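Just below is one structure, and these are the notes that go with it.
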Amino acid sequence: MRLAFWRRPRVPVVVLHGLLAARPGALNVAGYGGLIDAAIGAAGKGGTVVLDIESPGGSPVQSDLIAQRIRRKAAEAEVRVCAVIGEVGASGGYWLACAGDEIVAHAMSVVGSIGVIGGSFGFDEALARLGVQRRLYTSGENKARLDPFSPERPEDVAFVRALLAELHERFKAWVRERRGARLSGDESALFDGGWMLGERARQLGLVDRLGDVDAVVREIGGARARARLFRPRRRLPLLGLLPRRLLREAMEAALEVAEERRGPAARF
């Protein structure tokens, strides 16, 4: 947490919003790894960094890469991590939340969905009705496995189910590692892939307590604290050439000095 005499306390908040995927613009370690590093650095030894999570899930690989980046950097810097779920922290979004030492959610947040899903469509019968022949040439018995234009094979279904089960076991192991004795209730209900609201998640130990980002920031930095957001920057054609950060921080400092001089009656 950074503090200057003319400014409010600033608490680093990493904004993790969106679908987890490797493509550019999505939530992935390539786009957010540097932000995580910077936020943890800003928190300083013994400080706290907040994860602002809004994600329905997506790629298991990106979920794990981001979560492991958070844990590794936090351990190196001796920083505490508080994950806050807003509207939704489900599936891969909940995987990210488990990177926190503490998980906070709103009473009506969508939480959980600890499971794995996969599937596709089959067009082989439609092609047959149209009189279209599928001509596919491969080297390797399973190179065309799950081809949507070919009839489904039982061995392919068994392969996919085994793959999903393995991923599910990794997900469950991660939740157990991070939540430990805080989990309560029947694990079959916790890990059945279903989602729940934040209050129910708190009762089952998937969430520690109820709250939101603003409340957590004030708890960490005090009543006057504000969030210092770490999120991808939008490209601006002209203003991008200016030292935006210096200008923004100078304006914020001036506004806060003016606010203090106006007295407490002007505060919301």
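The values are calculated or read from the model by the stated rules, or taken from the named source; none is laboratory data. Just so you know, these numbers come straight off a predicted model, no measurement behind them. Don't worry about glycine lacking a Cβ; one is built from the backbone with ideal geometry, like all the others, and counts go over all protein chains shown. SASA here: full protein model, heavy atoms, side chains in, ligands and nucleic acids out. Shrake-Rupley method; radii C 1.70, N 1.55, O 1.52, S 1.80 Å.
Just to verify a result, which residue in the range 25-51, among those that are free of Cβ contacts under 8 Å to residues at least 40 places away in the same chain, over 23 Å from Gly211 (Cα atoms) and within 16 Å of the chain's Cα centre (by Cα), is surrounded by the fewest Cβ atoms within 10 Å (Cβ to Cβ)? Here the residue is Gly25. Which one is surrounded by the most Cβ atoms within 10 Å (Cβ to Cβ), of the residues in the range 73-125 that are among the small types (Gly, Ala, Ser) and assigned to a strand (DSSP E or B)? Applying the filter and picking the extreme gives Gly89. Sub-6 Å Cβ pairs linking a first residue in the range 160-180 that is over 19 Å from Arg72 (Cβ atoms) to a second residue that is surrounded by 13 or more Cβ atoms within 10 Å (Cβ to Cβ) and not small (Gly, Ala, Ser), at least 6 apart or interchain, are Leu164/Val116; Leu167/Pro60; Leu167/Val116; His168/Val116; Phe171/Ile114; Lys172/Phe191, ordered by first then second residue. For the range 211-231, a tally of residues being open to solvent by 70 Å² or more (accessible area, probe 1.4 Å) and within 18 Å of the chain's Cα centre (by Cα) returns 4. Has the range 57-72 got any residue that is in contact (Cβ under 8 Å) with a residue 24 or more places away in the chain, within 12 Å of the chain's Cα centre (by Cα) and part of a loop (DSSP other than H, G, I, E, B)? Scanning the range 57-72 turns up at least one residue that is in contact (Cβ under 8 Å) with a residue 24 or more places away in the chain, within 12 Å of the chain's Cα centre (by Cα) and part of a loop (DSSP other than H, G, I, E, B).
For the range 3-13, the criterion of being under 12 Å from the mean Cα position of the chain (by Cα), among the β-branched types (Val, Ile, Thr) and open to solvent by less than 10 Å² (accessible area, probe 1.4 Å) is satisfied by no residue at all. Note on the range 126-174: residues that are within 30 Å of Ser188 (Cβ to Cβ) and either assigned to a helix (DSSP H, G or I) or open to solvent by 90 Å² or more (accessible area, probe 1.4 Å) (or both) total 22. Can you tell me which residues in the range 52-62 are of a type outside the set (Gly, Ala, Ser), open to solvent by 40 Å² or more (accessible area, probe 1.4 Å) and touching a strand residue (DSSP E or B) at 6+ places or on another chain (Cβ under 6 Å)? Across the range 52-62, the qualifying residues are Glu54, Pro56.
Criterion applied to Ala90, Ala75 was being within 25 Å of Lys45 (Cβ to Cβ), small (Gly, Ala, Ser) and modelled with pLDDT of 95 or more, and the one residue passing it is Ala75.
Taking the range 12-27 as the range and being touching a Ser or Thr at 6+ places or on another chain (Cβ under 9 Å) and not in a strand (DSSP E or B) as the test, the residues that pass are Gly18, Leu19, Ala21, Ala22, Ala26.
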